[in-house]
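Enquirer: Sharing a structure here in structure tokens format.
Throughout, read-outs are computed from the coordinates displayed, never taken from laboratory work. As the structure is a computational prediction, the values presented were derived from the model and not from experiment. In this analysis, Cβ positions are derived from the backbone assuming ideal geometry, glycine residues included, and neighbour counts consider all displayed protein chains.
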Amino acid sequence: MYPDFIGIGAQKAGTTWLYQNLRAHPQVYMPRKELHYFNRKLEDGSSMFTRLFGKRETDGEWRRQVRNRTITHLTERPSLQDLLYDIRYYTGSYNDRWYASLFKPGRGKVKGEITPAYSVLGKEKVAHVHSIMPEAKLIFFMRNPIERVWSQVTMRFGTVEKDSAGLMSEDKLVRRAVRNNARLLTDYLRTLENWGTFYSEEQIFVGFLEDVSFFPGELLKSIYSFLGVDPFFEPPFLEKKIHSRSSGTMPTGLAVHLANEYREETGHLADLFGAYASFWDYCVRRLIEDPPQEEQIPYPLWASSLWGDWTDELPSDEKPGLHSGPLSTVQVSK
């Protein structure tokens, strides 16, 4: 009963939108978003006593989740099946059998999960994933590195994101942006190398956030076809922005700093994928060579003048179109 597909990231690259639209499909079963099995629980080994009274961050998170689910059950009167499922989910011993049991209710459907943190797994853990589900399909969404990092930086600001970010010094914003986890979560080439060592290019679907914005219907049809379910199903969340924390702008100074941080990576991505990755590289080069004079730059960057400048330089037969698809089809070079 292992899943048929796994969404492996990237964080802040449209995975919540993807989860909602996959979960809505009648032929797809997904237990919940972000199971965190392979990156956290697999090596946890904690007892119920530890989860109840431990002082680790994961113990506190577990207690918060149990408390919230208990409140939900008390107010919504769940079915016996849902209640038993939650008991198994929260009290079971973390192992491969426990993980497989989470997908039993999806018998007869295409089963899957999405945990963006899987994008940073090393080869040893990816090897374990492959050992128990070698035929699984993978979905990996990517986003302009400058935008992805800024979205991560502001993730905890919530509804006062713009004001909170505005009150922070540029140095503090830069320190947040260059943290190791931000760099690792944006290392798309490492992710593709680690997972591609074990899974074929035909098993890995690469998505671009620009397609979520410009071609959501076509993108979902492509993903549904990739998973082998009805591609003509029309989900209710097709054009809905879910958990969008965009403030409409980002500090120009930080954008320029990030452009310098990711100059090499975007060049490699542009060589590999062309299309939207070429736009990311164009943004990097323009921000470094001719930074805007304004204190704020429009965000996402496709909403800025950079997008129009880039598309104006493209030949008419190379105008942007749906580019997401299996890795074997979206690469322009290797």
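Enquirer: From the P(r) of the range 90-152, could you give the percentage of C-alpha pairs in the tail past 19 Å? Spell out each step's value before the answer.
Expert: Numbers: 914 of 1953 pairs.
The answer is 47 percent, as a whole percent.
Enquirer: Next up: From the P(r) of the range 1-114, could you give the percentage of C-alpha pairs in the tail past 22 Å?
Expert: Working: 2520 of 6441 pairs.
So the portion of pairs separated by more than 22 Å is 39 percent.
Enquirer: For Cα pairs less than 8 Å apart in space and 6+ apart in sequence, what is the mean separation divided by the residue count of the chain, i.e. the relative contact order in percent? Display every interim value, and only then the final one.
Expert: Working: 448 pairs, mean separation 80.0, N = 334.
Rounded, it is 24 percent for the chain.
Enquirer: Counting helices only, and only those DSSP H runs with n ≥ 4, report the 222 nm mean residue ellipticity of the chain as the sum of -39,500 (n - 2.57) divided by its residues, in deg cm²/dmol to the nearest 500.
Expert: Numbers: 18 runs with 169 residues, N = 334.
After summing the helix terms and dividing by residue count, I get -14500 deg cm²/dmol.
Enquirer: Given charges of +1 on the Cβ of Lys and Arg and -1 on the Cβ of Asp and Glu, with all other atoms neutral, how large is the dipole of the range 83-146 about its Cα centre, in debye to the nearest 20?
Expert: On the way: 10 positive and 5 negative charges, 36 e Å.
In debye, rounded to 20, the range 83-146 gives about 180.
Enquirer: Separate question: Quick one: pull the percentage of alpha-carbon pairs in the chain with a separation above 36 Å. Provide the component values of the computation, followed by the final result.
Expert: On the way: 12265 of 55611 pairs.
In whole percent, the share of Cα-Cα pairs in the chain beyond 36 Å is 22.
Enquirer: Sticking with this one: Per-residue HN-Hα couplings for the range 132-137, Karplus 6.51 cos²θ - 1.76 cosθ + 1.60 at θ = phi - 60°, whole Hz, x for Gly and Pro?
Expert: Values, residue by residue: 9, 8, x, 8, 4, 9 Hz.
Enquirer: If you don't mind, there's one more thing I want to ask. For the charge dipole of the chain, defined by +1 on Lys and Arg C-beta atoms and -1 on Asp and Glu C-beta atoms about the Cα centroid, which residue among W302, H73, F49 has the Cα displaced farthest towards the positive pole?
Expert: F49
Enquirer: About the Cα centre of the range 1-127, what is the dipole size in debye to 20, counting +1 per Lys and Arg Cβ and -1 per Asp and Glu Cβ, all else neutral? Please report the intermediate quantities before stating the final value.
Expert: Numbers: 22 positive and 13 negative charges, 33 e Å.
The dipole magnitude comes to about 160 debye.
Enquirer: Excluding G274 itself, calculate the net charge of residues whose Cβ lies under 11 Å from the Cβ of G274, where each Lys or Arg counts +1 and each Asp or Glu counts -1.
Expert: On the way: positive: none; negative: D271, D281, E318.
Here the count lands on -3.
Enquirer: Now, a different point. So if I place +1 on the C-beta of Lys and Arg and -1 on the C-beta of Asp and Glu, and nothing else carries charge, what would the dipole magnitude of the chain be about its Cα centre? I want it in debye, nearest 20. Intermediate values should be presented prior to the final figure.
Expert: Numbers: 42 positive and 43 negative charges, 407 e Å.
In debye, rounded to 20, the chain gives about 1960.
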